[in-house]
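K.L.:
Let me begin by handing over the structure; questions about it come next.
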Amino acid sequence: MTVTGVHDRDELARLLGGAPALHAYQLGDLDDFFWPYTTWYREGDAVALVYHGGGLPVLLAFDDRPQGSHALLAGLVPLLPRTFYAHLSPGAEQVFDGFACEPGGPHLKLALTDPAALAAPLGDVLTPADLPDLLALYEVAYPGNWFDARMLETGQYVGVRRDGELLAVAGVHVWSPKYRVAALGNVTTHPRARGEGLARGAVSALCRRLLDTVDHVTLNVKADNTAARALYAGLGFTQAAAYGEFTFTAR
């Protein structure tokens, strides 16, 4: 088979929809909010997405079959930019032997499988008017995070304040009622308020809110982030898949 471009969202939803926890980001990117910044490819029933909405282009290719996406990725090599970031199923990075590879470490995809374990909700919905306070919190608590300010318009960011100061937040990277998926992201707590359960309450409030519109709530976490993994395990999240993050630069 040969690699082909895909421009039909219904076709992509069919190909990706069988494993929503694995493909939550791609399914969310089918929405109008992200679609203009995406380029899609397939080979057989393997799908790859190149997202170019900001910063380095990002390649996403996941497959729960051993080497299931390797032929697709090999065929994509001539089409990829000289430098790009990638989220790949384990072992798929070996396809890019013509690139220098800087690993970002092993990661896990988690899915909310036991909503009954969510804690008591805490916090209030943030709006675009809260952007200055949110950016100030990220500068102190989560520098270098990937945050698209447009996501505040979704109403799917929950913040916890004390005496007017924003101390914790839980948000989303994607939220798609149409495709029934959401991916949590940009979750953090001010350093001097950590250990108080603020993020736990904000995540719980956000998940309860999301479950009114989606069937699958997911997130990505570094495999060695034991504190975050313990937090999410206690809130009813379980591992759906392992993957790796990498920066590739053509030799």
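K.L.:
Which residues' amide hydrogens lie under 5 Å from the amide hydrogen of His107, considering only partners 5 or more residues apart or on another chain, with H built in the peptide plane?
P.N.:
HN-HN under 5 Å from His107: Ala223, Tyr243, Gly244, Glu245.
K.L.:
Here's another thing I want to ask about it. Where does each of Cys101, Cys207 land when they are ranked from fewest to most other beta-carbon atoms within 10 angstrom? Don't skip to the answer; put the middle values down first.
P.N.:
Values: Cys101 15, Cys207 24.
Listed from fewest to most nearby Cβ atoms, that is Cys101, Cys207.
K.L.:
Given H placed on each backbone N at 1.01 Å, which residues far from Val187 in sequence or on other chains put an amide H within less than 5 Å of it?
P.N.:
Close amide H contacts, sequence-distant or interchain: Gly171.
K.L.:
What list of ³J(HN,Hα) couplings, whole Hz, do you get for region 112-122 from phi and the Karplus terms 6.51, -1.76, 1.60, once you set θ to phi - 60° and write x for glycine and proline?
P.N.:
6, 10, 9, x, 5, 7, 4, 7, 4, x, 8
K.L.:
Additional query: Can you put Leu122, Leu135 in order, fewest other beta carbons within 10 Å first?
P.N.:
Listed from fewest to most nearby Cβ atoms, that is Leu135, Leu122.
K.L.:
Here's a follow-up. Region 25-56 to region 127-147: how many Å between their Cα centroids?
P.N.:
Here the answer is 25 Å between Cα centres.
K.L.:
Report, to the nearest 10°, how far helix 198-210 tilts away from the longest principal axis of the Cα atoms in the chain, using its own Cα long axis and a range of 0 to 90°.
P.N.:
60 degrees
K.L.:
Apply the Karplus curve 6.51 cos²θ - 1.76 cosθ + 1.60, θ = phi - 60°, to the phi angles in region 182-192 and return the couplings in whole Hz, x for Gly and Pro.
P.N.:
9, 10, 5, x, 6, 8, 7, 9, 4, x, 7
K.L.:
Using a simple spin-label model with points 7 Å from Cα along the Cα→Cβ vector, what separation in nm is obtained for Trp35 and Leu56?
P.N.:
Label at Trp35, label at Leu56, 2.9 nm between them.
K.L.:
Computed on alpha carbon atoms, what radius of gyration and Dmax characterise region 114-235, expressed in Å?
P.N.:
13.3, 39
K.L.:
Positive end of the dipole of the chain, charges at C-beta (+1 Lys, Arg; -1 Asp, Glu), about the Cα centre: which of Val140, Gly98, Leu210 has its Cα farthest in that direction?
P.N.:
Val140
K.L.:
Hey, got the dipole for the chain? About the Cα centre, +1 on K and R Cβ, -1 on D and E Cβ, debye to the nearest 20?
P.N.:
Charge dipole of the chain: 340 debye, to the nearest 20.
K.L.:
Cut-off is 10 Å between beta-carbons; in what order do Tyr85, Tyr179, Tyr157 appear when sorted fewest neighbours first?
P.N.:
In order of increasing Cβ crowding within 10 Å: Tyr85, Tyr179, Tyr157.
K.L.:
Next up: Ordered by residue, what ³J(HN,Hα) values in Hz, to whole numbers, does region 133-141 give under the Karplus form 6.51 cos²θ - 1.76 cosθ + 1.60, where θ = phi - 60° and Gly and Pro are x?
P.N.:
Result, rounded to whole Hz: 5, 5, 5, 5, 5, 5, 4, 8, 9.
K.L.:
At what distance in nm do the modelled label points of Ala116 and Leu79 sit from each other, each positioned 7 Å from its Cα along Cα→Cβ?
P.N.:
Here the modelled spin labels are 4.6 nm apart.
K.L.:
At a temperature of 37 °C and a viscosity of 0.692 mPa s, determine how fast the chain diffuses translationally according to Stokes-Einstein, using the Kirkwood radius over alpha-carbon pairs as Rh; express D in µm²/s, rounded to the nearest whole number. Display every interim value, and only then the final one.
P.N.:
Details: Rh = 18.7 Å.
D = 175 µm²/s.
K.L.:
Can I ask one more? Can you tell me how region 157-198 classifies by the Cα gyration tensor, rounded, prolate or oblate, using a/c under 1.5 as the rounded cut?
P.N.:
It comes out prolate by the Cα gyration axes.
Every number in this text was worked out from the coordinates using simple rules, so none of it is lab data. Since this is a predicted model, take the numbers as computed values, not measurements. Note that we place each Cβ from the backbone using ideal geometry, even for glycine, and neighbour counts take in every protein chain shown.
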